[in-house]
Amino acid sequence: MIGRRFLKSIVSIAGVAALLLLICLVVLSQGFAPYVGLFGPRPIITAYLGYYAGVITLLIIPILFLGRALVRFIFGHRGTFRFGKLLVGFWVVGMVVFFATVIFGVRGYQSFDERTEVVATMNTDRDQAITLEVQPAPKDRDLLQLNFGNIYMNQRKLFATRRPHVRLQFSPSDTDQISISRTVKSNGTSPHIALRNSSTPQHLIKVNEENQTISVSDYYTLKRSDRYRRQRIDVDVHMPVGAKVRLDNRGNIFSRSALRRLAGDEGTIWTMTSDGLEQVAEGG
């Protein structure tokens, strides 16, 4: 009699522990929930539904069954599990919802398109080197980082930053002006939607002709209402042959490894040739 009561107490404690674990997992998953809407399909409720279906089916229900099996193995309890069929039903439905959401989400990346525009021009003196500054993503202690793709998010905006999201390259021009073009590439459920998604990133390019300075951010931002669909930005600085440029020390977005390695060296000035930028000595 006492042994049976003790066994029921153990089973009850295991049930309470499993319930607390379920609550903890759902609460902890809230920290990652914003990324579901970011990567997931439209509308956002579909993404969240698939997300929580995945959390419950892939983690919580198997843990409940394992806990029950462990109790039965240790204490030899052979009682029936009243909610077993119900949990199996939830698991089947949850798996269907989860994989349907994944398939629906993958459709958002099946098409590709891009748009290119000239965003700035600047007159330059070929005897004077211009300065190109790279503006890094803001350092915010409240910013949460995901290691895949270097994606950062706070409560207001998403920061998609570093390679390969923004790339900067230089090419020779047959004009006497420096022009800067920006190509935004994106994916979507169709070419039309992909082209529309390419207009969502907000990216900074600023020209100061008086100081002969060009500022380019190595990140872009998306509004919370937008979706990440592998938006990538290629910035091309078209320079007249013979024009010179000095690069700052944040060279993560430069397309050429030599530019990334030597950017920021105060004794390094690059001169545009017909074959692209070439390194020259200071005063050369």
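None of the figures in this text is laboratory data; all of them are computed from the coordinates on show. Here the structure is a predicted model, which means the values were calculated and not measured. Because the Cβ atoms are built from the backbone with ideal geometry, glycine has one as well, and the counts that use them run over all protein chains shown.
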Gain on full stretching of the segment that runs from residue 93 to residue 268 - 0.36 nm per residue minus C-alpha separation: 56.8 nm
Net lengthening on full extension, residue 183/residue 65 (0.36 nm per residue, minus Cα-Cα): 37.3 nm
Projected label distance in nm at residue 44 and residue 103, using a 7 Å step from Cα toward the beta-carbon: 2.7 nm
In what sequence, highest mean first, do 112-121, 231-240, 208-217 appear when ranked by Cβ atoms within 10 angstrom? 231-240, 208-217, 112-121
Want the number for residue 123 to residue 33: 0.36 nm per residue separation, take away the alpha-carbon distance, what's left? 27.6 nm
